[in-house]
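S.K.: First, the structure itself, so that you have it in front of you.
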Amino acid sequence: MEKTKKHLIKKWEVSIMELQDETGTKFKVTRRVTEASVAETKTFDSKEKAKNQFEEWLQ
């Protein structure tokens with residue numbers, strides 16, 4: 001699962017990814033300002049928490 005959206009007013013992209021390994025599933029949420037080469041990433045064990053962070057960063 002990978003999803004990317006651009007904020008309508010602000011100039012960042014927000015993406016969410018599902019990562020799987022032998023220990024389980026993690027979700028990575030990243031917001032990026034491509035013009036400034038700046039990014040912030042958070043990882044979550046819960047899909048619901050990752051979705052909440054994704055939606056919060058889009059507001």
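The values are calculated or read from the model by the stated rules, or taken from the named source; none is laboratory data. Note that the structure is a prediction, hence the values are computed from the model and not measured. Virtual Cβ from ideal backbone geometry, glycine too; neighbours counted across all protein chains shown. Accessible surface is based on the protein model in full, side chains and every heavy atom, while ligands, DNA and RNA are left aside. Shrake-Rupley method; radii C 1.70, N 1.55, O 1.52, S 1.80 Å.
S.K.: Counting only helical runs of four or more DSSP H residues, what would the 222 nm mean residue ellipticity of the chain come to if each run contributes -39,500 (n - 2.57) and the total is spread over all its residues? Walk me through the intermediate numbers first.
M.R.: Numbers: 1 runs with 12 residues, N = 59.
Theoretical 222 nm ellipticity from helices: -6500 deg cm²/dmol.
S.K.: With an 8 Å Cα cut-off and a minimum separation of 6 or more residues, compute the relative contact order for the chain in percent. Walk me through the numbers before you get to the answer.
M.R.: On the way: 101 pairs, mean separation 16.6, N = 59.
Worked out over the chain, it gives 28 percent.
S.K.: I've got another one for you. Under a GNM of the chain (C-alpha, springs under 10 Å), which listed residue has the highest mean-square fluctuation: GLU35, GLU13, GLU22?
M.R.: Of GLU35, GLU13, GLU22, the Gaussian network model singles out GLU22 as fluctuating most.
S.K.: Also, quick follow-up: For GLU22 paired with GLU56, estimate the spin-label separation in nm (one decimal), with each label point 7 Å from Cα along the Cα-to-Cβ line.
M.R.: The modelled label-to-label distance comes out at 3.3 nm.
S.K.: To continue, here is another question. The chain: D in µm²/s via Stokes-Einstein (Kirkwood Rh, Cα pairs, 25 °C, 0.890 mPa s)? Let's see the in-between values first.
M.R.: Values: Rh = 11.8 Å.
Stokes-Einstein gives a translational diffusion coefficient of 209 µm²/s.
S.K.: Please give the length that would be gained between SER46 and LYS3 if that part of the chain were fully extended, namely 0.36 nm times their separation in residues minus their C-alpha to C-alpha distance (nm, one decimal). Before the final figure, lay out each step's value.
M.R.: Values: separation 43, 0.36 × 43 = 15.48 nm, distance 1.63 nm.
Extra length from SER46 to LYS3 when fully extended: 13.9 nm.
S.K.: Return the carbon/sulfur percentage of the accessible area of the chain, one whole number, probe 1.4 Å, all protein chains in place.
M.R.: Values: 2100 of 4490 Å².
C and S atoms contribute 47 percent here.
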